[in-house]
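Taking it in order: structure first as structure tokens, then the write-up.
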Amino acid sequence: MRSPIGVASTGSLRPGVPYGRAMATIRELAEEHWQGRGELVHTHHPVQPIHDHPDDGSISTASEEIEDGLLTLKSIASVNALDTGDGLVMLDTGGAFDRRTVHETVRAWRPDAPLAAAVYSHHHIDHVLGTALFDAEAADKGWERPVVYAHEEVPAHFRRYEKTGGWNTAINRRQFAIDVPQFSWPSEYRDPDVTYAKQLTFTRGELTFELHHARGETDDATWTFVPERKVLLPGDLFIWAVPNAGNPQKVQRYLSDWASALREMAALRPELMLSGHGLPIFGADRIVAALTDTAELLDTVEAQTLAIMHQGQNLDTCLHEVTIPALLLDKAYLQPVYDHPQFLIRNVWRRYGGWYDGEPDNLLPAPRAQQAAEWVELAGGVDNVLARAQQLLSDGDARLACHLVEYAALAAPDSADVWTVRAAVYTAHSEQHTSSMARNLLRHAAIASEQHKRDLAGDY
């Protein structure tokens with residue numbers, strides 16, 4: 001049986017033990033998740049911290065020395081530290097919300113071991129903003145400043161972030177349904193000291209760190225293998241979910257390159273995989289299965305999309321004819337809890353087909369508000385449009401109702417009834433999806449409607 005990805009999927013997870021402060025160890029949670037008993041669907045993000053948020057609003061971080069000399073910290077993103085016998089090496093250093101907790105946790109674990117080096121898996125801010133605290137510590141204690149390794153494109157992405165802070169603030173408010181006007185994007189970044197193009201190997205103490213470049217969620221991704229420990233750190237190339245290969249507000253992602261990197265990792269048969277998000281996976285057979293299944297999902301989306309494109313078909317046809325085998329989406333580690341599978345199709349189209357969706361009326365369109373006014377007039381007025389939207393909502397078709405309420409909002413922005421119905425439609429549609437990215441973008445529209453706006457981040 002094949003499962004279409006143009007519609008929401010609930011997945012196959014069985015009810016499990018909820019997250020909380022009195023929770024099991026990371027190892028025990030990892031087993032729960034592998035068995036499909038862990039709760040993977042979260043309000044904002046599939047990779048939320050394990051524990052509840054403290055009362056002060058900070059981010060809680062669970063940590064565990066899961067092997068001798070190997071500390072893993074599970075927060076929004078995973079952070080890992082290895083004691084090499086000659087200083088610590090960290091694989092990612094934490095984000096803005098949890099960097100202080102990360103630093104304190106590492107110091108509680110190894111109070112007197114300097115941070116010798118850190119590896120950035122990619123440039124995203126939930127992985128790279130904790131380094132500054134270790135830099136400051138080194139200066140204060142007279143230690144050598146840690147050496148940061150990363151792919152050669154990472155600095156360029158930091159410069160892009162510096163140029164686009166307002167845009168990134170807006171898109172993240174939408175993506176995580178943040179109704180906090182004071183939220184803002186970071187403006188300072190710690191550049192790497194050593195960069196590489198394809199591969200780089202460095203040693204520290206007793207351990208070797210093999211860095212490999214891949215294009216996947218980003219074009220600057222690094223996955224790391226530590227052969228002495230048979231430990232794999234894939235970064236965000238594996239996140240315990242449908243791969244984040246389609247994010248509708250972010251730059252190009254690369255499905256086939258991503259799949260190739262996953263298969264290259266699998267060939268090493270690591271015995272422990274520390275995911276960029278989500279929990280560790282223990283055991284070579286499990287790791288190989290998780291990596292190859294994820295690669296298969298990426299490959300089938302790209303292959304099917306390209307097959308339809310070869311026929312000269314448009315984007316709409318791709319979106320509603322590409323399917324993913326249900327046996328893949330049923331895997332506990334491939335649940336659609338963050339990115340929506342349909343978004344992946346759009347990224348394949350964007351990579352190979354450009355921005356034109358194949359619809360002639362979209363090539364040089366009239367202003368959307370003007371289009372809406374014409375359609376609403378043809379429908380006999382905004383009341384008729386709202387009545388039909390409410391009927392569609394009652395019939396369970398929130399997706400189609402969304403189109404109608406957008407026309408209504410554009411044609412009659414001063415109508416209180418428009419915003420009431422729009423809020424109800426987008427709330428209902430958001431609740432139909434397990435993908436937190438889809439759900440939150442829709443929730444953002446619902447929240448904005450309550451303030452008689454279509455969008456809060458852009459204030460319109």
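We did not get these values from a lab; they are worked out from the coordinates using the rules stated. The structure displayed is predicted, hence computed values, not measured ones. So basically every Cβ, Gly included, is an ideal-geometry build from the backbone, and we count neighbours across all protein chains shown.
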Space enclosed by the convex hull of the alpha-carbon atoms of region 25-293, per residue, Å³: 128
Within the chain: Cβ-based charge dipole about Cα centre, in debye rounded to nearest 20 (Lys, Arg +1; Asp, Glu -1): 360
DSSP bridge pairs, region 25-293: antiparallel proportion in percent, nearest 5: 70
Cα-based helix-to-principal-axis angle, 398-411 vs the chain, degrees rounded to 10: 70
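What Kirkwood hydrodynamic radius do you get for region 118-258 when you take the inverse of the mean 1/r over all pairs of distinct Cα atoms, in Å? It would help to have the intermediate numbers written out before the result.
Details: mean 1/r = 0.0603 Å⁻¹.
About 16.6 Å, per the Kirkwood formula over Cα pairs.
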Cβ-based exposure ranking for TYR426, TYR352, in which fewest neighbours within 10 Å come first: TYR352, TYR426
FRET efficiency for ASP112 and ASP191, using Cβ-Cβ distance with R0 set to 25 Å, rounded to 0.05: 0.35
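Can you pull the semi-axes for region 58-119, root of five times each eigenvalue of the Cα gyration tensor, sorted largest first, whole Å? It would help to have the intermediate numbers written out before the result.
Working: eigenvalues 64, 26, 21 Å².
Listed largest to smallest, the semi-axes of region 58-119 are 18, 11, 10 Å.
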Lysines whose Cα lies under 28 Å from that of LYS250, excluding same-chain neighbours fewer than 8 positions away: LYS74, LYS163, LYS198, LYS331, LYS453
Within the chain, percent of DSSP bridges classed antiparallel, to nearest 5: 70
Relative contact order for the chain, counting Cα pairs under 8 Å that sit 6 or more residues apart, in percent: 16
In degrees, nearest ten, helix 99-109 long axis to first principal axis of the chain (Cα): 30
Over region 367-450: Rg over Rh, Cα atoms, Kirkwood Rh: 0.97
Counting all C-alpha pairs of the chain, share separated by more than 32 Å (%): 41
Between 0 and 90°, nearest 10: helix 131-141 axis offset from the chain longest Cα axis: 30
Helical mean residue ellipticity (222 nm; -39500 (n - 2.57) per DSSP H run of 4+; nearest 500) of the chain: -12500 deg cm²/dmol
Selection from GLN252, TRP109, CYS318 lying farthest towards where the dipole of the chain points positive, charges on Cβ: CYS318
Three semi-axes of the equivalent ellipsoid, region 169-326, Cα gyration tensor, whole Å, largest first: 29, 24, 15
Distance (nanometres) between label positions extended 7 Å along Cα→Cβ at ARG350 and THR292: 3.2
